Every structure is written in C-alpha cells, then in structure tokens.
Amino acid sequence: MSKLSICPIGVFDSGVGGLSVLRALRAELPHEKFVYVADSGHAPYGERDDDYLIERSHTIVRWFRDRHQVKALVVACNTATAAAIHVLREAHPELPIIGIEPALKPAVVQSKTKVIGVMATRSTLNSEKFKRLLTSLENQATFVLQPCSGLVPAIEALDAIKIGAACAQYAGAMGPFGSNAGEIDTLVLGCTHYPFAESSLRASTGEAVAYLEGGAPVAKQTRRLLVAANQLHDEEPGKTADVAFYSSGEPSALASAALRWLDLDAVALPLHS
Ligand code: DGL
C-alpha cells in the first residue's frame, strides 16, 4: 500500500442526499477516511443551469484538494455529475473521479414488464448525458420520466408532510405501478436524495415495485479505481470509516441527517469555500 493511502476521499452533493452514497461507500470501504461536503447553501442543484453547477463543482473540488489533499473524489449527485463531471476530469486528470447516473441499465435487466419509472431532477433529465443514456436503451424498455421539483428542498428540511405530498403527487402522475403488463415494476431513484423518501414513495407505489439507487455501484467503482491507483487503504481490520462533515448551509442540519440516516453522531462544520 502507498503511504498516500491515508489521504481521504472527498464526497459531495448539493446537500444531504449524498449521504445515501456515503452509506454505501462506508460499507464497501470501511478502512478509508471520508470528507463529506453538503452544498446545502446552494441547493437545490436540480433547478440550476450548467454554468452554475460547473462553477460550484470546481470550487468544491479545489477546496477538497487544497484543504484535505483528497486521493479520490466521489460526485454523489446525479445533477452535478451530468453537468460537470467531464470538466472536473479535464481539470484534474490525475485524480480518480467517480460520478453517479440514474440506474437505467440495471433497471432494463431487472424489469419484467419493461416499463420503468425514472424520478430525477429537472436538470438531470434535461442533460445531454442523460439523453444519451436514454437513447441507448429506448429500444429495450419504456421509460416514464418524472422531474420532482420541490422534493429535494422538502428532504433537506426533513419536512415529512411536504415529502409525503410531493411523493404522492409525482408517483401518482407516473403510475400505474405493479407487475401486470403495462405497469411500472421498477423505479429508478435518479437523485441521491430520493432514497430518504422511500417510505413515503412506497405508500403510492406499493411494496412489490423494485427501487434502484446508485450508491452501491458507485462504491464498488471507487474501490476498483483505488486498487488500480494503488491507493486502497485496507490495513486496519475492525476499524470503521472516519468521516468529517462540512456544509455550506446549516451544519447542524447535516449533523442531524447523518445521525438519522447513517447512525453517525458527528459534528458538522461550516464550509467556507
Ligand atoms: N442529490 C442530487 C442529485 O442526485 C441533487 C438534488 C438537488 O439539489 O436538486 O441529483
């Protein structure tokens, strides 16, 4: 193992949604250190344009590199990945950068009815990257696309009533869900915030529908890239991954979300980027 392997892995999202990816990263890479940035002061990303998302992504990656000497970067946000990952890779060619995209390919393999629901931000669904992915699979399944404006702010605010109303509205607009011909049997959660609304979504879709999120494949890809770069840190059996948390919004909201969803009793600090 390289000495550099003690450097942390940077993970960022527009807010608390990337915690769904961090959960998978900690499970896959329990001996690594992570620095998590919630850019909640600039959320929701899903209503922003590409220039704004590229500028925020550049700023955050520079901060990760200057302050924490990160050895890899995980863009735990479908929206920022679609808008900015290509420019981040150009700007930092030597840094392993892992992004996330809506899990359409696994959905095609898994779906029996071949009717697949995709919930994501407006910005993700309008992106060239997503359109290319969709075009490559359109002859294999029918995709029902649903932008979900308002759901991310409700999850950021941990507002159960607004989360429930948004889930009922958007799932209601997509249906019917089920395992009969013509029904949606597989739902892609194409925004990293949405797994935290799963119980509300279930009320509209029923229990039988399969939900697909991207955290686990991202964590496996991160492991692969660390191994390829001889940067994997796996020398302390029994240790659990350390995480440092920063937020450009309200740090205490990030700490509450980490406790609630990751069972991590953490302190979050303000991000000054
Ligand atoms: N969690 C993000 C995603 O995966 C962005 C949500 C937002 O800020 O709109 O797309």
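For the range 142-209, what value does the Rg/Rh ratio take when both radii are computed over Cα atoms and Rh is the Kirkwood radius, given to two decimals?
Details: Rg = 11.6 Å, Rh = 12.2 Å.
Taking Rh as the inverse mean 1/r over Cα pairs, Rg/Rh reads 0.95.
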**OP:** Looking at the chain, send over the antiparallel percent of its DSSP beta bridges, to the nearest 5.
**Re:** 0 percent
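Taking only C-alpha pairs under 8 Å that are 6+ residues apart, what is the relative contact order of the range 1-126 in percent? Numbers along the way, then the final one.
On the way: 166 pairs, mean separation 36.5, N = 126.
Contact order relative to length: 29 percent.
Length gain on complete extension for the stretch H86 to D51, per 0.36 nm per residue less the alpha carbon to alpha carbon distance?
Additional length available on full extension: 11.3 nm.
Using the Cα centre as the reference, give the magnitude of the dipole from point charges on the C-beta atoms of the chain (Lys, Arg: +1; Asp, Glu: -1; all else neutral), rounded to the nearest 20 debye. Write out the running numbers ahead of the final one.
Values: 25 positive and 29 negative charges, 94 e Å.
Using only the charged Cβ atoms, the result is roughly 460 debye.
Please compute the contact order of the chain in relative form: average sequence separation of alpha-carbon pairs under 8 Å and at least six residues apart, divided by the residue count, as a percent.
29 percent.
Over the range 147-258, calculate the relative contact order: mean separation of alpha carbon pairs under 8 Å at least 6 apart, over the residue count, as a percent. Please report the intermediate quantities before stating the final value.
On the way: 84 pairs, mean separation 23.6, N = 112.
Once normalised by length, the contact order is 21 percent.
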**OP:** State the Kirkwood hydrodynamic radius of the range 108-230 in Å, one decimal place, computed from all pairs of distinct Cα atoms.
**Re:** 15.4 Å
Original post:
Between A216 and R260, what is the FRET efficiency for a Förster distance of 22 Å, r being their Cβ-Cβ separation, to the nearest 0.05?
Top reply: 0.60
Original post:
Build a GNM of the chain with springs between Cα atoms under 10 Å: which of E183, E250, E138 gets the top mean-square fluctuation?
Top reply: E138
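Please report, as a whole percent, how much of the solvent-accessible surface of the range 30-133 comes from carbon and sulfur atoms (probe radius 1.4 Å). Intermediate values should be presented prior to the final figure.
On the way: 2050 of 4140 Å².
So the carbon and sulfur contribution to the accessible surface is 50 percent.
Based on the Cβ-Cβ distance of A27 and N180, what FRET efficiency does E = 1/(1 + (r/R0)^6) give at R0 = 22 Å, to the nearest 0.05? Can you show the working numbers first?
On the way: r = 35 Å, r/R0 = 1.58.
It comes to 0.05.
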Subject >> Convex hull (Cα only) mean projected area of the chain, reported in nm² to one decimal >> reply: 13.8 nm²
Original post:
With point charges of +1 on the Cβ of Lys and Arg and -1 on the Cβ of Asp and Glu, referenced to the Cα centre of the chain, which listed residue (P8, V35, V243) lies farthest in the positive direction of the dipole?
Top reply: P8
Original post:
Karplus couplings for the range 150-162 from phi (6.51 cos²θ - 1.76 cosθ + 1.60, θ = phi - 60°), rounded to Hz, Gly and Pro as x?
Top reply: x, 6, 5, x, 5, 6, 4, 8, 6, 9, 4, 5, 5
Original post:
For the Cα atoms of the chain, what angle does the longest principal axis make with the long axis of helix 50-68, in degrees from 0 to 90, nearest 10?
Top reply: 30 degrees
Subject >> Estimated vicinal HN-Hα couplings, Hz - the range 196-210 in sequence order (Karplus 6.51, -1.76, 1.60; Gly, Pro = x) >> reply: 7, 10, 4, 5, 5, 5, 4, 4, 9, 9, x, 7, 6, 6, 7
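Please tell me which of these pairs span more than 27 angstrom C-alpha to C-alpha: K129/K220; K71/K220; K71/K131?
Details: K129/K220 21 Å; K71/K220 16 Å; K71/K131 31 Å.
Violating the 27 Å Cα-Cα cut-off are K71/K131.
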Original post:
So how strong a dipole does the range 167-238 carry about its Cα centre when Lys and Arg Cβ are +1 and Asp and Glu Cβ are -1, to the nearest 20 debye?
Top reply: 180 debye
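The values are calculated or read from the model by the stated rules, or taken from the named source; none is laboratory data. Owing to the predicted nature of the structure, the values given are computational and were not obtained by experimental measurement. In this analysis, Cβ positions are derived from the backbone assuming ideal geometry, glycine residues included, and neighbour counts consider all displayed protein chains. The protein model used for the area step is the full one, side chains on, heavy atoms only, and it has no ligands, DNA or RNA in it. Shrake-Rupley method; radii C 1.70, N 1.55, O 1.52, S 1.80 Å.
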